[in-house]
1. May I ask you to say which residue of C:F175, C:F240 is touching a residue at least 60 places away in the same chain (Cβ under 8 Å) and assigned to a strand (DSSP E or B)?
2. So for segment C:101-117 (the condition being within 17 Å of the chain's Cα centre (by Cα), hydroxyl-bearing (S, T, Y), in the same structural domain as C:A36 (by TED's automatic domain parsing) and open to solvent by 40 Å² or more (accessible area, probe 1.4 Å)), does at least one residue qualify?
3. What residue, of A:G248, A:G233, A:G227, A:G208, is modelled with pLDDT under 95, within 30 Å of D:C241 (Cα to Cα) and more than 10 Å from chain C (Cβ to nearest Cβ)?
4. Among B:E64, B:E69, which is the only one that is of a type outside the set (K, R), closer than 22 Å to B:K124 by Cβ and open to solvent by 60 Å² or more (accessible area, probe 1.4 Å)?
5. Among the residues of segment B:9-28 satisfying the criterion of being open to solvent by less than 40 Å² (accessible area, probe 1.4 Å) and not hydrophobic (A, V, I, L, M, F, W, C), which is nearest to the other protein chains (Cβ to nearest Cβ)?
6. List the number of the failed condition for A:G233; all other conditions in (1) closer than 26 Å to D:N265 by Cα; (2) open to solvent by 10 Å² or more (accessible area, probe 1.4 Å); (3) of a type in the set (G, A, S) hold.
7. Out of all the residues in segment D:124-131, is one or more open to solvent by 20 Å² or more (accessible area, probe 1.4 Å) and over 30 Å from B:G291 (Cα atoms)?
8. Which number in (1) more than 10 Å from every other protein chain (Cβ to nearest Cβ); (2) part of a strand (DSSP E or B); (3) among the β-branched types (V, I, T) marks the one condition that B:I281 misses?
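The values are calculated or read from the model by the stated rules, or taken from the named source; none is laboratory data. These numbers come from a predicted model, not from an experiment. Counting neighbours? That spans all protein chains shown, and the Cβs are built from the backbone with ideal geometry, glycine included. Heavy atoms of the whole protein, side chains included, go into the accessibility calculation; ligands, DNA and RNA do not. Shrake-Rupley method; radii C 1.70, N 1.55, O 1.52, S 1.80 Å.
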There are 4 protein chains.
Amino acid sequence: MAVQKLKIACAGLGRMGKRHALHFLERTPRAELVAASTPDDNEIQWAKQHLEPFGVRLYKDYDEMLKHEGLQAVVIASVTTVHAEQAIKAIDANLHVLCEKPLSTSVEVSQSVVDAARKKPHLKVMCGFSRRFDNSYRDAFDKMESGLIGRPSIFRSQTCDKLDPSGFFVAYAEFSGGIFVDCSIHDIDLALWFFGQDSQVKSVVSSGITALQPELRKHNDRDNAVGIVEFYGGQVAYLFCSRMMAAGQDDATEIIGTEGKLTVNAQPMANLVNIYESTGIRREIPPHYYGRFEQAFVNEANEFTACCLDDLKLPMKLTGAVQAVKIGCALQESLISGKKIYFDEMGNRSEKALL
Amino acid sequence: MAVQKLKIACAGLGRMGKRHALHFLERTPRAELVAASTPDDNEIQWAKQHLEPFGVRLYKDYDEMLKHEGLQAVVIASVTTVHAEQAIKAIDANLHVLCEKPLSTSVEVSQSVVDAARKKPHLKVMCGFSRRFDNSYRDAFDKMESGLIGRPSIFRSQTCDKLDPSGFFVAYAEFSGGIFVDCSIHDIDLALWFFGQDSQVKSVVSSGITALQPELRKHNDRDNAVGIVEFYGGQVAYLFCSRMMAAGQDDATEIIGTEGKLTVNAQPMANLVNIYESTGIRREIPPHYYGRFEQAFVNEANEFTACCLDDLKLPMKLTGAVQAVKIGCALQESLISGKKIYFDEMGNRSEKALL
Amino acid sequence: MAVQKLKIACAGLGRMGKRHALHFLERTPRAELVAASTPDDNEIQWAKQHLEPFGVRLYKDYDEMLKHEGLQAVVIASVTTVHAEQAIKAIDANLHVLCEKPLSTSVEVSQSVVDAARKKPHLKVMCGFSRRFDNSYRDAFDKMESGLIGRPSIFRSQTCDKLDPSGFFVAYAEFSGGIFVDCSIHDIDLALWFFGQDSQVKSVVSSGITALQPELRKHNDRDNAVGIVEFYGGQVAYLFCSRMMAAGQDDATEIIGTEGKLTVNAQPMANLVNIYESTGIRREIPPHYYGRFEQAFVNEANEFTACCLDDLKLPMKLTGAVQAVKIGCALQESLISGKKIYFDEMGNRSEKALL
Amino acid sequence: MAVQKLKIACAGLGRMGKRHALHFLERTPRAELVAASTPDDNEIQWAKQHLEPFGVRLYKDYDEMLKHEGLQAVVIASVTTVHAEQAIKAIDANLHVLCEKPLSTSVEVSQSVVDAARKKPHLKVMCGFSRRFDNSYRDAFDKMESGLIGRPSIFRSQTCDKLDPSGFFVAYAEFSGGIFVDCSIHDIDLALWFFGQDSQVKSVVSSGITALQPELRKHNDRDNAVGIVEFYGGQVAYLFCSRMMAAGQDDATEIIGTEGKLTVNAQPMANLVNIYESTGIRREIPPHYYGRFEQAFVNEANEFTACCLDDLKLPMKLTGAVQAVKIGCALQESLISGKKIYFDEMGNRSEKALL
């Protein structure tokens, strides 16, 4: 009768860290959140109230937490700059790892996590691209796989955040890697998923503007950008990312195939309510990505747990996370240089167009 | 090479009369509007500007207009109270007739038009239920006829007018025949169309309220009402009519069959624009029925013209217009009496339920 | 630091019983499912696999289960015919009760549960109308409460089940109380919620057909029905219930107020995917009510648990469940008799219309 | 009482020529179609049946037609290769001109029409971008102009034709100018409209594939392509064009502003019918662009007529048509070369990125 639960710890208790901690504590029946770490005093206070009473041990030091008796896995939700370092330490400590995206804003650093993971093939190491766990994206993927739209050929995807007039995005841009690495990384990962995990990028090009926040320019960032990603194999993805969507989180995707098209969230909505009033018919939409993807995060926690406990194959390769960062960084570079960037079939930069 | 056009006159130049006149003048290539009549001086002024310059002869007297040289047809868009009288006079003058709905708010008077028309089988006499000419309703009907939803069984339809705070509807209620005769007559006609023109009513019952305009009660009317109509043959229609829709004209219909359902305008919209703003996503809807059915009225004018010129069968029987008034009047009676009303298979009132 | 969890048992492990048991076991962090009972051997087998390994004690006898050490609450998901008896026994055993709807298909029996509960005011006794816990319905209710649509006046609601060609519904009709008691009870409960829990019914009338399953007639049931419910206070609800919806579960509600309208699920969808293919644009819808209301059931479990642990007021009165059954039974009676049924302001049947 | 009508002739009676001819004959009250020309015998046969009986004089020779007594205007709907030549001849003959898009697939040839028109400022010379006359686009434009979405910043637009498996598009590609010049020209014109007629292009870049029709490559064309157009002034348009949309014509536009977003036709539909069936809920969409834009073409005919008769300002500048061709040709060139193309602020090509 002894039901085994996965003993997991949460690193970082910021906005997403709190959510991951609570998902593993309350909504992942096969997991047991045993520990959490954060260097931040406010976050420790929050944890004393919301985690400690339920048997979660709190640590101010990540390294200490890794030594927690019986610990089997770590979910890393700290600031992006320490993702890779913490992931590698956990791997070295023989722990399964679920790391928030991105592994790093640097391709090389991202790759170092893959290298570390390769040495420990018994461990489950996953970069948490939440949309992979969203029921609608999964349904679309299954429909595509079943042949419903023929051969997928063109991919359109956008990640549009609600305008935050507080200036948060400007400060955030210093470390975020830029809008393509921070926002579009999800869309890039989706493109790799729908076009095939081993798709090779052939070129990227992008353009952007600072419509509302010119201060972003000092961090080489923009508040709106579009990009095109060509793949060897003859598919094209085109992307839009924005920090100024008035209505809320507006993330939509289209997969255009030779025999049909699938859309995901082309008509965003917060719920099933419509309001008829003198100005017309209105519906609300989720203000933030968590309003759109809450259930996907919960699915992620449960599936990661099952993969660890039952030694199942993870739903995506870790190498894909590096490929996504590589494409995101190249798009960000093109955004600033104004130039198109080419890659040869080996994945190396090339000076000229390869037709 | 002499192309024959139908010489038609328009009786009444009120709100709908103006529209009918212009439809025949400008948007019905095979018709020629040769005359128009109205006793109203303001309407005459309007006509001097918009009709007369294009060769339309104006009359203050309807009877005079009927004698217009070469006249072949009349469209009657005057006040409801004279519909029947004018229609019968036109029939007696050997003119085709397109009469605005309803023929009359009285079943007997409506029947008198049918009786008159029966004596002149060479004439086209049609009561203009505009929705019969709407492309969406027609598409739904064709799909049903093709068997797409199996056997039609339940019919839901609503006619909801935008709130008019001017008090217009209260004054109007004195002559309109009531909300079921004025608004729901369209839905009743649609039910007869979709269930079959010769469907026999078995019972009607209704309930209503005066949510905003209690003054309607002095004319035995309500501003919101729902009703159920049972037919021999085992189908049921249920209806909603309202005078207080905040967003605009909200007319929707569902036809539920044994193998599927068809909806028409279940998601009303003024056009194809959506507005994303801080309060959500919004679309506008037509403020009035003409915004929804303009093209249907134009189709009606063109098809009536073709039926007259080419001696084609009209798309609906005139007897249906009497049946619609009969059901509408019974619903209106039930609304006031609070009682269910039964009919035997001959169409006569019955005191008790016939199961 | 001792976090108290609600020790709860589940009675009945049929279709809904399994779900309730798993909700309390896995998705209700503050509850501990300690026991489950069922007289059915197949259900016991299922429970040995899915519940027992997690520490849930299994009982074949409900009465025995009630004596389980430390038990604090029971969720009753057995067949409708024993709902009331089991609820009263649990109340007598000083246990909180969450009972699946309806309390009974009989008004008197339903009332007996209320009477029992009244004697134990410290207990939480709730009839589980799941839609009350649905995020969309709640959002609509909050918007109405905030005045967004003025005074709610007309209420339209439908519960349409996917066609089940197996004949299940015919067998089920013997005990279900009929389509209005089984399906529309949800819509009636919603009407009472939106119009006010203490709304007094003034009249009911209904009509129905057996479009596909004439065998239902032997149990005085129909496969499609519409009804009108008038309330003292000047509101009207009208309802549609069906057992033959081709596309899946099609449950929609509209609340029409003096200044606007709210719709809930007027455009059903299984998820956020749209499929463009040669026949047009298509989306799927949930096949069954659990596909639509899963999260509402989980919310229900969590909120009931919180009410028990923290001695909070339940979100709805138990008397409403009796009122809903009363209206449902009257609609079912009218469906068979073909007659309108009137109530006086005391809630007693009246022979004649009260205007 | 002499109402003046615009005497107009139609050049070309192919697919669009027939439609233009009929629009001016039947649906443009202030115009009189007096002549039509085509060198094609089949088209002459069609015209003998559909135009001649209504008083339209037929010509096999365009130049002859220009001498038609009293002719005031010409609508040019012949093959693209003769658009410019015919337009210039008509201008030289002192006739108003409504020319189907594009003026030419060559920038220089397009400019020659502008030059000719400049010498006759009393003439109305318009290139018919039909979407400018579409009610939904106009409503969106008006809303933008009123400030509803702040400052327009990002523009997304797509023109997706239904897959035509006949091979038509391959043959057509020889003369069409390519997919960006043929399809996206509409989207480019819309971008110029919404961003301001005098917007200066800064760069273009594009990518494309031949997903289904590799034979297009021999004409330097593709069946799917995406492009980015940067404007001086800090706006960006991004475009998608396709020849393989399974469901039908799928033309959508989004205008993203600093305070909101407007979409046009993001949810395409043929009409207001939805079909509920066992596979879900479905709606049809127009198979071709005429199904989507029929009314816009009729509006165009009427407004062009009014501009000629009343000497009103045309709704758009002819120079915009040259600018659209210029951008379309550059996108087409980038599609083949794989290179990004830069322009300086004078509109001249530049070798390097101008940041």
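1. That would be C:F240, the only listed residue that is touching a residue at least 60 places away in the same chain (Cβ under 8 Å) and assigned to a strand (DSSP E or B).
2. Restricting attention to segment C:101-117, the residues satisfying the condition of being within 17 Å of the chain's Cα centre (by Cα) are C:101-107, C:109-111, C:113-114.
This time we only want the ones that are hydroxyl-bearing (S, T, Y), so: C:104-106, C:110.
Pick out the ones that are also in the same structural domain as C:A36 (by TED's automatic domain parsing) and you get C:104-106, C:110.
Within this subset, residues satisfying the condition of being open to solvent by 40 Å² or more (accessible area, probe 1.4 Å) are C:105.
Yes: one or more hits.
3. Details: A:G248 fails: modelled with pLDDT under 95; A:G227 fails: modelled with pLDDT under 95; A:G208 fails: modelled with pLDDT under 95.
Result of the check over A:G248, A:G233, A:G227, A:G208: A:G233.
4. B:E69
5. So the residue we want is B:T28.
6. (1)
7. Step one: of segment D:124-131, the residues open to solvent by 20 Å² or more (accessible area, probe 1.4 Å) are D:124.
Next, from what is left, pick out any that are over 30 Å from B:G291 (Cα atoms): D:124.
Checked against the condition, which is being open to solvent by 20 Å² or more (accessible area, probe 1.4 Å) and over 30 Å from B:G291 (Cα atoms), segment D:124-131 yields at least one hit.
8. (1)
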